[in-house]
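Student: Before I ask anything, let me first share the structure, which is written out below as structure tokens.
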Amino acid sequence: MNSTALAGLRICDLSGQLAGAGATRTLAAFGAEVIRIEDPVRKGKWDLLRGVPPFREGQRGIDAGGAFNNHNVGKQGITLNTRTERGRSLLAELVSISDVVTENFSAEVMESWGFGYERLCELRPGVIYVSNCGFGHTGPYRQFRTWGPIVQAVCGLTWSVGQADEPSAGFGFSYMDHHGANLMVFAILAALHHRRRTGEGQWIDMSTVESGAAMLGPMVLDFTVNGRPARRPGMPASNRGHHPLMAPHGIHPALGDDEWVAVVCRTDAEWATLASILGVDEPAWATVDARLAAHDALDARVSAWTRRHDKFEVQTRLLAAGIPAAAVQSPQERTDRDSSTARWGLFPEVTHSLMGAVRVDGIPLHLSATDWSMSTGAPLLGQHNHQVLAGLLGLDDDEIARLEADGVI
Amino acid sequence: MSSEASTHTGPLTGLRVIELASEHAAFAGKLLADYGAEVLLVEPIGGHHTRTFGPFAESLPEAHPDRSLWFWHYNTSKQGVQIDLDTPEGADQFRNLVGFADIVLEGETPGRLAAFGLDHGQIDSPTTVWVSVTSFGRSDPRSLDPFSDLTAIAGGGLAWSCGYDDHSLPPMAPLGNQGYQTASIWAAVGALIAIEARARTGEGQLVDVSMHAAVNVTTEQATQWWLVAEKTVQRQTGRHALHLPTESIVAIAADGREVHTGFPPRTLDELIKLVRWIDDEGLRDELPLTTLLDLAIEQGGMDLAKLYEDEFTQECFRTCRDAIVLLAEHHTADNFFLLGQRRGFAVGMILSPEETMADPHIVARGFPTPVHQPQLGHDIVHTGLPIRFTGTPGRISAAPALS
């Protein structure tokens, strides 16, 4: 059954990639009507993920991209050539019947089409307009271009992943595309709450660099209050336990090739338990300060034990002893062999018109009354042109055929 | 009441939230509070243990019980009350508060509140949205196990994709409790979805948030590479994990700092701009393979869909990257970033958190936010709001003091 949580909410969705599409997929999963608009001239390829791997075996082409499917589950897809006057007038009609307009273009694009915030307000009084780009729509870098890894580099997050004596490891994926998208959902819902109270819409000028910078707060306060920069010798040492101080706190080798397990002692008592399991008799390490001072030696002792055991055995044994531990899980282990993700229904199967049945990321929330659902995959390019243009905008078949012939859709 | 002032405080003005203090859901409460919800933080008598988390305001004496910068950050804009839930008076007080709340936010281990008769469903408050943040979800027995941010990052798949080309080094977790924050962002989203549903039905409901699930759906492409193509991505230094090794993407600028060389050109226009930049700087002699790019331009560009199978495309892609690295080596990090961006390339510089706070663009947008800190008697600068609402900006005020 489809969720009714957001029933009746219509999104005119010009966004894409993950930072935008990831937001509207969540709204769709909770019952919003998301109409995603793509460019027929470039075959939707403004979205870098349209038509790029991962592909199903034997499949290729603009409709076959696995990540695009994942990020666009449950949406309707139409094409509109906004270079044409008719394309722009159809966009205006869609805006006029939508609650929310979303986009994550570079800062100047919407204005250049004649769809800046003021125009959107004229078309749909009380509209909620979310622009989501790396540096936002104001400030000296407003015209700069970004994608996830650039956002992460500039906002401090890339620096925050790595060993002390190595270059930045950074995130091996676009972490801030996820959170840019998630915060965009938060933004839309918060603005809807405000509009319900006051009747006022608004423009939300999201900058994912700011969103990312807001995720490193205590370290920033350490600098602004104490003058201690995060970039200093011995940092970032990001596998260690900084706030609060914990030791041991790290990712250790386990039995097998490139297998790893995280082990954490939050308290001196947990360390005492771990020490007895490890067979370590070091009275000098009774306090966290002493263990931090001897962290390398401590890590060596933990690793010497973990590397003799399977990562899941370490996890089971330490958890039973009251010590936080977790195997570093591979994608296959998370999706196919993890009883918790299975129990949650975290990777549901949807039906995509070309790819067939395919599993996608679900939602890490369950709502007791109006839970999410996912059943249809991403739209093929222009898949819902007829449905939207006829059903919502009242165009007849001849007009739609003419739009196709004229390259408007 | 003062509608003018309250309207402009934040979009969530009018929402009342009762938050039970926790380590892993604190960020959710902060998001709601900074954007105008009235968030009452319930701590045990004497204060929640997160008040003992560093870093600390070092100008205050070590014995000062209210100097945790961790607490000051994660609890901005909230009000505070101390209640012992395991006393009858405390339980009554909590029940009363819930009766007036639009949202309850808690991160308790399943069963703890139920033992006090204070769990969702045990308090008569049908319009309240109850948000529960646990490690594996309320009905999963694994939520009773001990956990930390690091175990969520390891088990949830984030660590799998982060680290170095040298796999004798461990997978890396990020600083800053990103597992907790990931769950918290979803908790805040879930709370507002349920508030939106309530506007339609008049009913509250339970929002069950799993941190393990939240981290699991925050891996971008790792999961899809497995589910769609049965390929397993592998961690690589400073760039996307992938099932195939890719070229390095971080370069060292002339001043020794790290820069991000960006995604190499993919359109004809970008190829032309890159060759022009190389020529403008007189670097063609240092990169003889620029001729390959000339050829690609003559052919109308590269087809990235063929990147994993066509050698010429791969060679062009690599040469583009070499060109960008060469340009980076000829400039300071700041200059490379500015010059590259002004020429239309999505390149970056790798900043530490305090460097980001000092960046001219971030400063010009007013992101660093002074907040009066009563314990110190003066303003301190916090990270600003992650979302810019132009109509209802929101406001950051100090965390509740330990009274």
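Student: Determine the share of chain B's accessible area contributed by carbon and sulfur atoms, expressed in whole percent, with a 1.4 angstrom probe.
Tutor: Working: 7360 of 14170 Å².
Answer for chain B is 52 percent, counting heavy atoms of protein chains only.
Student: Now for a separate question. For residue B:49 and residue A:97, what is the calculated FRET efficiency with R₀ set at 51 Å and r taken between the beta-carbons, to the nearest 0.05? All intermediate terms of the calculation are to be shown ahead of the outcome.
Tutor: Numbers: r = 51 Å, r/R0 = 1.01.
Efficiency at R0 = 51 Å is approximately 0.50.
Student: Using only the alpha-carbon atoms, how far is helix A:175-198 inclined from the longest principal axis of chain A? Give it as 0 to 90 degrees, nearest 10.
Tutor: Taking the Cα atoms of chain A, the angle to A:175-198 is about 60 degrees.
Student: Amide H to amide H under 5 Å from residue B:131: which residues, 5+ apart in sequence or cross-chain, H placed 1.01 Å off N in plane?
Tutor: B:104, B:105, B:106, B:207
Student: Obtain the nm distance between the two label points defined at residue B:168 and residue B:252 by a simple spin-label model: each point lies 7 Å from its Cα along the Cα-to-C-beta direction.
Tutor: 2.0 nm
Student: On to the next question. Cα-Cα pairs above 17 Å in the stretch A:46-95: how many percent? Show your work: numbers first, answer last.
Tutor: On the way: 593 of 1225 pairs.
Percent of Cα pairs beyond 17 Å in the stretch A:46-95: 48.
Student: I would also like to ask the following. What is the Cα coordinate range of the protein assembly as shown on the first, second and third principal axes, sorted by size from largest, in whole angstrom?
Tutor: 75, 63, 51
Student: Residues of chain A: accessible area per residue at 1.4 Å, in Å²? Present the calculation step by step, with values, prior to reporting the outcome.
Tutor: Details: 14000 Å² over 409 residues.
Here the per-residue accessible area is 34 Å².
Student: To the nearest 0.05, how large is the calculated FRET efficiency for residue A:196 and residue A:143 if R₀ is 51 Å and r is the Cβ-Cβ distance?
Tutor: Rounded to the nearest 0.05, the efficiency is 0.90.
Student: Could you tell me the center-to-center distance, by alpha carbons, between the stretch B:216-246 and the stretch B:26-84 in angstrom?
Tutor: 37 Å
Student: Pairing the Cα long axis of helix A:85-96 with the longest principal axis of chain A, what angle in degrees results, from 0 to 90 and rounded to the nearest 10?
Tutor: 60 degrees
Student: Which order, highest average first, do B:275-288, B:144-157, A:330-343 follow once you tally other Cβ atoms within 10 Å for each residue and take the mean per peptide? Working shown, then result.
Tutor: Values: B:275-288: 13.9, B:144-157: 26.6, A:330-343: 18.4.
The most tightly packed comes first, giving B:144-157, A:330-343, B:275-288.
Student: How large is log10 of I(q)/I(0) for chain A at q = 0.08, 0.10, 0.15 Å⁻¹ when the intensity is taken from the Debye formula with one equal scatterer per alpha-carbon?
Tutor: Log10 of I(q)/I(0), two decimals: -0.55, -0.80, -1.37.
Student: Whole-Å semi-axes of the stretch A:179-333's equivalent ellipsoid, largest first, each the root of 5 times a Cα gyration tensor eigenvalue?
Tutor: Numbers: eigenvalues 320, 91, 41 Å².
So the three semi-axes of the stretch A:179-333 are 40, 21, 14 Å.
Student: Can you bin the stretch A:201-264 into rounded, prolate or oblate? Criterion: square roots of the alpha carbon gyration tensor eigenvalues sorted a ≥ b ≥ c, rounded for a/c under 1.5, prolate for a/b above b/c, oblate for the rest.
Tutor: Details: a/c = 3.14, a/b = 1.60, b/c = 1.96.
Judged from the Cα gyration tensor, the stretch A:201-264 comes out oblate (a/c at least 1.5, b/c at or above a/b).
Student: I need to check one value: relative contact order of chain A, counting alpha carbon pairs closer than 8 Å and at least 6 residues apart, in percent. Each step should come with its number before you reach the end.
Tutor: Values: 745 pairs, mean separation 80.0, N = 409.
Normalised by residue count, the contact order of chain A is 20 percent.
Student: In whole percent, what relative contact order does the stretch B:227-329 give with Cα contacts below 8 Å and a gap of six or more residues? It would help to have the intermediate numbers written out before the result.
Tutor: Numbers: 105 pairs, mean separation 28.9, N = 103.
Once normalised by length, the contact order is 28 percent.
Student: Give the average, rounded to an integer, of partner chain Cβ atoms located within 10 angstrom of each Cβ in B:359-369.
Tutor: Details: counts 9, 3, 12, 11, 2, 5, 12, 3, 7, 3, 1.
Across B:359-369, the average partner-chain Cβ count within 10 Å equals 6.
Student: While we're looking at this one, here's another question. Let me confirm one metric for peptide B:260-269, namely the mean number of other chain beta-carbon atoms within 10 Å of its residues' beta-carbons. Present the calculation step by step, with values, prior to reporting the outcome.
Tutor: Working: counts 9, 2, 6, 6, 0, 0, 2, 1, 0, 0.
Counting other chains' Cβ atoms within 10 Å and averaging over B:260-269 gives 3.
Student: As I understand it, the value is the acute angle between the Cα axis of helix A:268-278 and the longest principal axis of the Cα atoms of chain A; what does it come to in degrees, rounded to 10?
Tutor: 70 degrees
Student: Provide the buried accessible surface between chains A and B in square angstrom, both chains summed, 1.4 Å probe, rounded to the nearest 100. Present the calculation step by step, with values, prior to reporting the outcome.
Tutor: On the way: alone 20330 and 20680 Å², together 28180 Å².
Summed over both sides, the interface buries about 12800 Å².
Student: Of all the accessible heavy-atom surface of the stretch A:274-409, with the other protein chains kept in place and a 1.4 Å probe, what percent is carbon and sulfur?
Tutor: Numbers: 2830 of 5960 Å².
Reported share for carbon and sulfur atoms: 47 percent.
Student: Run the simple label-point estimate for residue B:139 and residue B:200 please: 7 Å along Cα→C-beta, distance reported in nm.
Tutor: 2.2 nm
Student: What is chain B's relative contact order, in percent, from Cα pairs under 8 angstrom and six or more apart in sequence? Walk me through the numbers before you get to the answer.
Tutor: On the way: 699 pairs, mean separation 71.4, N = 403.
Once divided by the residue count of chain B, the mean separation gives 18 percent.
Student: What ranking of B:231, A:311 comes out by heavy-atom accessible area, probe 1.4 Å, highest first? Don't skip to the answer; put the middle values down first.
Tutor: Values: B:231 90, A:311 5 Å².
The ranking, largest first, comes out as B:231, A:311.
Student: Peptides B:395-401, B:74-80, A:246-252: what's the order by average Cβ count within 10 Å, highest mean first?
Tutor: Details: B:395-401: 19.4, B:74-80: 22.9, A:246-252: 25.0.
Sorting B:395-401, B:74-80, A:246-252 by mean packing, highest first, produces A:246-252, B:74-80, B:395-401.
Student: Along the Cα→Cβ direction, 7 angstrom out, place labels at residue A:281 and residue B:390. What is the inter-label distance in nm?
Tutor: Here the modelled spin labels are 7.1 nm apart.
Student: Give me the percent of DSSP beta bridges within the protein assembly as shown that run antiparallel, rounded to the nearest 5.
Tutor: Details: 30 of 73 bridges.
Antiparallel bridges: around 40 percent, rounded to the nearest 5.
Student: Mean 1/r over all different Cα pairs, inverted: what Kirkwood radius does chain B give, in Å?
Tutor: Kirkwood radius, chain B: 24.4 Å.
Student: Express the Stokes-Einstein translational diffusion coefficient of the stretch B:146-211 in µm² s⁻¹, to the nearest whole number, given a Kirkwood radius over alpha-carbon pairs, 25 °C and a viscosity of 0.890 mPa s. Kindly include the intermediate steps, with their values, before the conclusion.
Tutor: Details: Rh = 13.9 Å.
Diffusion coefficient, whole number: 176 µm²/s.
Student: If I take R0 = 56 Å and measure r between the Cβ atoms of residue B:16 and residue B:285 in this structure, what FRET efficiency does the formula 1/(1 + (r/R0)^6) give, to the nearest 0.05?
Tutor: Numbers: r = 68 Å, r/R0 = 1.22.
Between residue B:16 and residue B:285 the formula returns 0.25.
Student: Can you work out the Karplus-derived ³J(HN,Hα) for every residue in the stretch B:110-122? Use 6.51 cos²θ - 1.76 cosθ + 1.60 with θ = phi - 60°, whole Hz, and x for glycine or proline.
Tutor: Each residue's phi maps through the Karplus curve to give x, x, 5, 5, 4, 4, 8, x, 10, 7, 3, x, 8 Hz.
Student: Using 0.36 nm times the number of residues separating residue B:329 and residue B:59, minus their current alpha carbon distance, what extension gain do you get?
Tutor: 93.0 nm
Student: Could you work out, residue by residue across B:64-75, how many beta carbons of other chains sit within 10 Å of that residue's beta carbon, and then give the average as an integer? Walk me through the intermediate numbers first.
Tutor: On the way: counts 0, 0, 0, 1, 4, 10, 7, 1, 4, 9, 2, 0.
For peptide B:64-75, the averaged partner shielding equals 3.
Student: Just to be sure I follow: if Rg is taken over the C-alpha atoms of the stretch B:215-280 and Rh is the Kirkwood radius over the same atoms, what is Rg/Rh?
Tutor: Working: Rg = 15.9 Å, Rh = 14.5 Å.
Result: Rg/Rh = 1.10.
The values are calculated or read from the model by the stated rules, or taken from the named source; none is laboratory data. What you are looking at is a predicted structure, and each value in this text was computed from that prediction instead of being measured. All Cβ positions, even for glycine, are placed from backbone atoms using ideal geometry, and neighbour counts span all protein chains on display. We work out accessible area using only protein heavy atoms, side chains counted, and drop any ligands, DNA or RNA first. Shrake-Rupley method; radii C 1.70, N 1.55, O 1.52, S 1.80 Å.
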